[in-house]
Every structure is written in C-alpha cells, then in structure tokens.
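Enquirer: Take this structure first; my questions come after.
The values are calculated or read from the model by the stated rules, or taken from the named source; none is laboratory data. Since this is a predicted model, take the numbers as computed values, not measurements. We place every Cβ from the backbone using ideal geometry, glycine too, and count neighbours over all the protein chains shown.
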Amino acid sequence: MTDLSRRRLLTGTGLAMGAGAAAGAGLVQLGKPESASAAASGGSIPFHGLHQAGIATPVQERLHFASFDLGTRSPAEAAGLMKAWTAAAVRMTAAEEIGRGATGRALAPPDDTGETLEMHASRLTLTVGFGPSFFTRLNLPAPDRLRELPPFRGDRLDPARSGGDVCVQACADDPQVAVHAVRNLARIAAGKASLRWSQIGFGRTASTTPEEKTPRNLMGFKDGTNNIAMDDRSKLNRHVWVGEEGPGWMEGGSYLVTRRIRMHLDIWDRTPLKQQEDVIGRYKRTGAPYGGTREFDPVRIHALPPASHVRLAHPDSNGGSRILRRGYSYTDGTDGQGRLDAGLFFIAYQRDPEEGFVKLQRSLSARDSLNAFIQHVGSGIWACPGGVRPGSFWGEALFS
Ligand SMILES: C=CC1=C(C)c2cc3[nH]c(cc4nc(cc5[nH]c(cc1n2)c(C)c5CCC(=O)O)C(CCC(=O)O)=C4C)c(C)c3C=C
Ligand SMILES: [Fe+2]
C-alpha cells in the first residue's frame, strides 16, 4: 500500500457521508485509524461545505495565522492563486501530499515540503479572508461592511503586524501541520503574493462546543464560556453568517477581526486575586460569574463591577450584540526588558463588524478595567467568503 493511499485510509477521505453535510455539522471524519492513538490525534474536517471550515467547526489546539500582500494588480492572477491554494488546501486538509507529492520527481523541487509525511490531518482547517486593501489593489468592489477598523483608545498598532491583502487562518491539533500548511501556501504564492506577517498561537482560548472543557487564557481565567456554540444555528445565522444582504459571494461567509493583544503579565501576576476577579467579573477557579456559583450560570450584569470586562462585553450591555470568538494565546520570546512578549491573538467572526467587534471595542476601550493590563498591538479585518463547493475555489464567485 502506498503512503498516499494509507493516509487516505487513515483520514477517511472518500467516506460515503456528503462533505457539505459533514462540514455544516462540524463533524470530524475518521476512517479506519490504525490505532486508538491515531484516532485520538485527530481525523480530517471536510474542506468543502456551505461555510468555510475553521469558523464554526470545533476549535483545534494550535494556530498559524498568516497575512499576505499581493504582488499583482490582476484579478485573473489573484483568481489563479486562489485556485492553486484551494487545490493544495483540499489535499492538505485530507492529509494528502500536494501535487506530485514530497518525492515526486527527482529533478524538480518537490510539490510538497514533506514535513507532514506520515502525520495525520490533525483536524487541519484553512480559512481564507480578503482585507480592504485586496479590493483596492485589484480594483474590485468591496463589500459595504468591510471597512478599515476605526482607531480605538489605547491602540498601539504596529503596521508590520497589521493589515494585509489576504489572510489564511490555519488551525490544527498539531503545530507542525498548521505551520506546514502556511509554509506551502506561501511557497505556492511565490511571485504572486508574499508573507506580510504571521502569528503562531497555542492553547485555544475559546470553545465552540459546550461539551468541551473551557480552556484558560494566560491570565489564568476560563475563556470562551459564553461563546456562540457551533450547533446554535439560530445565533450563527443571526450573528455570524452573512445572509441575503450580500454581496452574493459573501453569503454563508463571515467577517473576521484579528487583534494581537499583548498582556502585561508582570503587572497581572502581582495583582491580588480579588482584584483580578473584579477586573473580569468572574471567579478564577470556577469561572462562575459574580452572583452565581457555577461556570455556566447566567450572567446578571448588575451583579458584576461596572467596569468589569464581562459586564461591558455582555450582550445585555450592547443591545444584544454577539461575536464568535476563536482566539489563541501566544508567546513570542521576550521584549528585551526581561518581560515575556505574550498575550492573546484575538479572533472574532461576525456578520457585521460595525455591530460586532467595533461596537464592543468602542465600549471596552473606553471603560474596561482590563485595559490596565493589556495593549492592542496588531489588527486586521477580513471578508471571508462562503464555503467552497467541490470543483470550485476560494472566492470564485467574486472573480466571475
Ligand atoms: C471586542 C471584543 C473583545 C476583546 C477585544 C476581548 C479581549 C479579551 N478578553 C479576555 C478575557 C475574557 N473575555 C471574556 C468574555 C468575553 N469577552 C468578549 C469580547 C472581547 N474580549 C465577549 C463578547 C465576552 C463574553 C461576554 C459574555 O457574554 O458574558 C471572559 C469570560 C469568559 C467568557 O465568557 O469567555 C474572559 C476571561 C482577555 C484576557 C482579553 C484581552 C487580552
Ligand atoms: Fe473578552
């Protein structure tokens, strides 16, 4: 049995289940794993479906997020790149080698860099989005709702860690799988697009499935308790998926906001527990909201300190506004002054950025007591098109 077909068996590619249906339900396909550990290390998440995978599908353990700048002004060339990326993504998310594989032809550079040979799909998802500059560069009409984010109080944004024409969010349970995906997409893009910045993340700070244990962020608090669950179709349709408001190629898609938020952990770690809990509005050990005893007890905003993070971010304080959070912790070494450069790579999906992130961040940036411990240092906004049908490619309807 060849390596390729063995991996196909491991990942269950070709199962009878319709890919679209599986993607819609956020299911993981596991074929016939050779061992229990193979099953535990993650199968594949269908690439094709109504929505792009990586938004409402279960959150994996690792992130490699990448922002690219186009080197072309030609929509046809950009479409060609999306076609080539999609072909590679279909294979990588099924744990198959790209093109002729990692050892295809002796006299040519391999089509796949090879570091994931013999590895599982690790629930790899690849999600693509287009930034405002993408439309300017290609002279294409941008969606009305895709506007550059306004400046917020306290922002200290580094242009080298912000913006970009196209983004790729690679999530997987194995960091090597996520990095391999971004590396190979960057390689395929040579001459058409180049990496502007990228971000490695670990320790997801959100769950999109209530059965999962809520993870903790680097401040030690459970993060993601009151998130939109992936099976809550009515909230997803109302707050996350773009509907008939269009443009057509965005239907079933979503707007993505990313923020690199540095945490002043040295200060946080010297802050008394009671003050930490007052800042968040929940108890550190249990995750219960003030006024409750268990993590999933309802938040009654008036039981929380007026400037606490959860009170200010809660839908009851924001006219019902909700976002789907999918962030990851990060550390990028030290800052030269003996402090960790660490924090939260915040990721939020929403149907309307003005009603979602912008509304919340206007309020948080003005009043949140968490602001004494954090700083927003990177930013991006992206239009993520609807899902890809078999035979189509990322954003095809936008180019046609
Ligand atoms: C603009 C949106 C938000 C930013 C930016 C943000 C940053 C941020 N959050 C935490 C830690 C926690 N956030 C929690 C809840 C929470 N946060 C937001 C939005 C932003 N957070 C929302 C909408 C919510 C849910 C509010 C609710 O409906 O109750 C929590 C509590 C647990 C939870 O529900 O997830 C924590 C903890 C940090 C550390 C941070 C920046 C570094
Ligand atoms: Fe938050």
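Enquirer: Filtering segment 327-363 down to residues that are aliphatic (A, V, I, L, M) and surrounded by fewer than 21 Cβ atoms within 10 Å (Cβ to Cβ), which residue is farthest from G246 (Cα to Cα)? Before the answer, list the steps.
Expert: Here is the first cut: in segment 327-363, the residues aliphatic (A, V, I, L, M) are 340, 342, 344, 347-348, 358, 360.
Within this subset, residues satisfying the condition of being surrounded by fewer than 21 Cβ atoms within 10 Å (Cβ to Cβ) are 340, 342, 358.
On the way: L340: 43, A342: 38, V358: 20 Å.
Going through the qualifying residues, I end up with L340.
Enquirer: Give the number of residues within segment 344-375 that are in contact with a helix residue (DSSP H, G or I) (Cβ under 8 Å, 6 or more places away or on another chain) and either hydrophobic (A, V, I, L, M, F, W, C) or within 9 Å of ligand 1 (Cβ to nearest atom) (or both).
Expert: Initially, segment 344-375 is screened for residues in contact with a helix residue (DSSP H, G or I) (Cβ under 8 Å, 6 or more places away or on another chain), giving 348, 350-351, 356, 360, 363-365, 367-373.
Restricting the remaining residues to those that are either hydrophobic (A, V, I, L, M, F, W, C) or within 9 Å of ligand 1 (Cβ to nearest atom) (or both) gives 348, 356, 360, 363-365, 368, 370, 372-373.
Matching residues across segment 344-375 total 10.
Enquirer: Any chance segment 283-299 includes a residue that's within 12 Å of ligand 2 (Cβ to nearest atom) and touching a residue at least 12 places away in the same chain (Cβ under 8 Å)?
Expert: Looking for residues that are within 12 Å of ligand 2 (Cβ to nearest atom) and touching a residue at least 12 places away in the same chain (Cβ under 8 Å), one finds none in segment 283-299, hence no.
Enquirer: Scan segment 297-321 residue by residue and report those that are within 16 Å of E277 (Cα to Cα), within 10 Å of ligand 1 (Cβ to nearest atom) and assigned to a helix (DSSP H, G or I).
Expert: I301, H309, V310, R311, L312, A313
Enquirer: Report yes if some residue within segment 102-121 is surrounded by 14 or more Cβ atoms within 10 Å (Cβ to Cβ), modelled with pLDDT of 95 or more and closer than 23 Å to G253 by Cβ; otherwise report no.
Expert: No, there is no match, as no residue in segment 102-121 is surrounded by 14 or more Cβ atoms within 10 Å (Cβ to Cβ), modelled with pLDDT of 95 or more and closer than 23 Å to G253 by Cβ.
Enquirer: On the given criteria, is L138 surrounded by 17 or more Cβ atoms within 10 Å (Cβ to Cβ) and in contact with a strand residue (DSSP E or B) (Cβ under 6 Å, 6 or more places away or on another chain)?
Expert: no
Enquirer: Moving to a separate point now. Given (1) under 17 Å from L324 (Cα atoms); (2) within 16 Å of ligand 2 (Cβ to nearest atom), where does V242 come up short, assuming only one miss?
Expert: (2)
Enquirer: So which helices (runs of 4 or more DSSP H) stay within segment 215-296 end to end and still have 2 or more residues that are within 13 Å of ligand 1 (Cβ to nearest atom), surrounded by 14 or more Cβ atoms within 10 Å (Cβ to Cβ) and of a type in the set (D, E)?
Expert: The helices (runs of 4 or more DSSP H) meeting that bar are 273-280.
Enquirer: Among the residues in segment 158-178, are any closer than 28 Å to L50 by Cα, small (G, A, S) and part of a strand (DSSP E or B)?
Expert: Yes, segment 158-178 has at least one match.
Enquirer: Restricted to segment 155-212, and to residues that are of a type in the set (K, R) and within 16 Å of ligand 1 (Cβ to nearest atom), which residue is nearest to the chain's Cα centre (by Cα)?
Expert: R204
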